[in-house]
Structures are given as structure tokens and as C-alpha cells.
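What follows is a single structure, written as C-alpha cells, with notes after it.
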Amino acid sequence: GYTPCIAVRIRYAWQGVAMTTGHHETFLNDGKFDEDGFMRNPRLWNEELAELIARADGLGELTAEHWRIIYYLREHYLKYHTIPVMRHVCWVTHLDPHCVPDLFGQNAREAWRIAGLPNPGEEAKTYM
């Protein structure tokens, strides 16, 4: 899960409070995100936004392994409009079977959010 400090920081970012990341200041209050921090329209996503979310959530710089997972999640969702089984994501990307929790934290929500994908719904979020 998220630590309250990070969750509060992210919620403020979504509500339009300026966040400074490196030398860039940005606002995330333009309606791109829902109340849970998921993007409303995955086609508006870009790598810079992914980096911003990852840094704001305390993940730091995204590695090549992070990007392999992020791009696979996006490809799968845009093609099938479903959440893939995370062990399958790791297998397809040729990573350790526990790559998603190892790289993104306890569950797949973080990877899903950084990949700029929409809220999967309450039921899906319980098994992410």
C-alpha cells in the first residue's frame, strides 16, 4: 500500500497543487485523473507523466524493467481492455515471476497507474 505521506502528496498533485520534480514544476489538475489517481483516458499518457507519477509515489527513476512492464500493461489493455494476470506479465517480459510487486510495491495498482491506465473498477482493484 501507500504511505499516507505519499498518498497525500499525490492527492494534492491531482487536485492541482504544484509539484516540483527535478527542475520541472507541473500541475495534474486538468481532469486527466479520477479520484483514485487513475487516468481517465489512457491515450493522453506519455513517458514524462509516468516518470512524474513514479517519482511522486517514491519509486524514483524508472528502469528498463519498469518500462518493459509498463509498455506491456498498456499494450494488453489497449488491445483487450482487461487487466492481465501479473505473473503472465512477468513471463511475457522475461522477468522474475514476482517482478511487478518487486518493482512497483505490494500490488499492481501502482504499475497500472504509472502506465496511465483507467480505473479498473472496485472488484478488479481488490485482486490487483
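The values are calculated or read from the model by the stated rules, or taken from the named source; none is laboratory data. None of the values given here were measured: they were computed from a predicted structure. Reconstructed Cβ throughout: ideal geometry from the backbone, glycine too, with neighbour counts over all protein chains shown. To get the accessible areas, we keep the full protein, side chains included, count just its heavy atoms, and leave off ligands, DNA and RNA. Shrake-Rupley method; radii C 1.70, N 1.55, O 1.52, S 1.80 Å.
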Open item on the list: If I ask for residues that are part of a helix (DSSP H, G or I), among the acidic types (Asp, Glu) and surrounded by 12 or more Cβ atoms within 10 Å (Cβ to Cβ), which ones from segment 29-55 would you list?
Closed with: GLU47, GLU51
Task: Residue count, segment 100-128 (criterion: under 17 Å from ILE69 (Cβ atoms) and either open to solvent by less than 50 Å² (accessible area, probe 1.4 Å) or part of a loop (DSSP other than H, G, I, E, B) (or both)) - done: 17
TODO: Among the residues of segment 73-84, count how many are in a helix (DSSP H, G or I) and at positive phi.
DONE: 0
Task: From ARG68, ARG87, residue being assigned to a helix (DSSP H, G or I) and crowded, with 17+ Cβ neighbours inside 10 Å - done: ARG68
Task: Set GLU48, GLU110, GLU75, GLU122: member being charged (D, E, K, R) and in contact with a helix residue (DSSP H, G or I) (Cβ under 9 Å, 6 or more places away or on another chain) - done: GLU110
TODO: Tell me which residues, restricted to segment 56-65, are aliphatic (A, V, I, L, M), in a loop (DSSP other than H, G, I, E, B) and open to solvent by 30 Å² or more (accessible area, probe 1.4 Å).
DONE: LEU59
